[in-house]
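Worksheet for the structure shown next.
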């Protein structure tokens, strides 16, 4: 057995040798080994192995059941955020939060497991993890019912101030006109900004739920939604800030807005390339879910069926299928329709598209 002197010290500057000379560590091969009499370290029961995200969280009260929910949970812990233009990451998100809803007083109520969450986690992350524990059916039911019983805080008006150009995004970033001018940039540059930035979508499409990805974005209030919709009607069709933001995001997904009056859409010239991008860009499914919900809050509910019908056709295109999108389409986008007749139409179109695609696959 050979020996090599090892001295611990700072990574820079001279190494200080302890009194009595350097400590001698036995070597076997290239790497130092522990004494032969040492016992292998035991895993402490204080730090058990993490359960997979699909596992039941606590006593059957909540369970991850869809890929969209698993992506939501993962994104809340890993996805880059932006505060004041500087990207950061949400860390130490709670691993075992179970259930979220609204109490009779309208306050956000979250039921947690007995495991204590780290104290330094971001509030937005814990809220998104909590919502991820709610089934898609429950989440969309609360949305379709207009968040019944939820209190409207008249003192909160950041979204209205932003839409009327009286408040900058995240207080120190761009005003709404600066954001909407991204649509005038060359496509490659516009697409790069829209994909890289994660701090704008919550301001352009506010919803009545807290955001896990931008703690500075305020949850939309009911009185704000009414005032923003009224402000939008002051502009000619297609010229209001909501419609302009919608058109910009549609182009990002390979879609053209054909009629700003009725909301009809069509595939753009780069639709195939953008669909391939979307099929592997999971965080954009969350963005699209937000867009659908926000349209319903801000007076553009009639736009949603046109966009959903487009997605049904491109997702099940036999030449360029987007099978990664199916879960979000079925569980979040279609159920976001608040009109019962439109929901029935969308469900019928979805059923027919799936059946046709399955028959084509069998013949190949």
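Taken together, the values in this text are just the output of simple stated rules run on the coordinates, not laboratory data. If you're wondering where the values come from, they're calculated on a predicted model, not measured in any experiment. Here the Cβ positions follow ideal geometry from the backbone for every residue, glycine too, while neighbour counts run over all protein chains shown.
What ranking do 271, 243 get, fewest neighbouring Cβ atoms within 10 angstrom at the top?
So the ranking, lowest neighbour count to highest, is 271, 243.
Taking only C-alpha pairs under 8 Å that are 6+ residues apart, what is the relative contact order of the range 148-271 in percent? Please report the intermediate quantities before stating the final value.
Details: 123 pairs, mean separation 26.7, N = 124.
For the range 148-271, the relative contact order is 22 percent.
Can you sort 156, 322 by how many other beta carbons sit within 10 Å, fewest first?
Exposure proxy ranking, most exposed first: 156, 322.
Between the range 153-209 and the range 305-364, how far is it from one alpha carbon centroid to the other, in angstrom?
Cα centroid to Cα centroid, the span is 30 Å.
Using the 10 angstrom Cβ neighbour count as an exposure proxy, how do 188, 327 rank, fewest first?
With the fewest neighbours first, 188, 327 line up as 188, 327.
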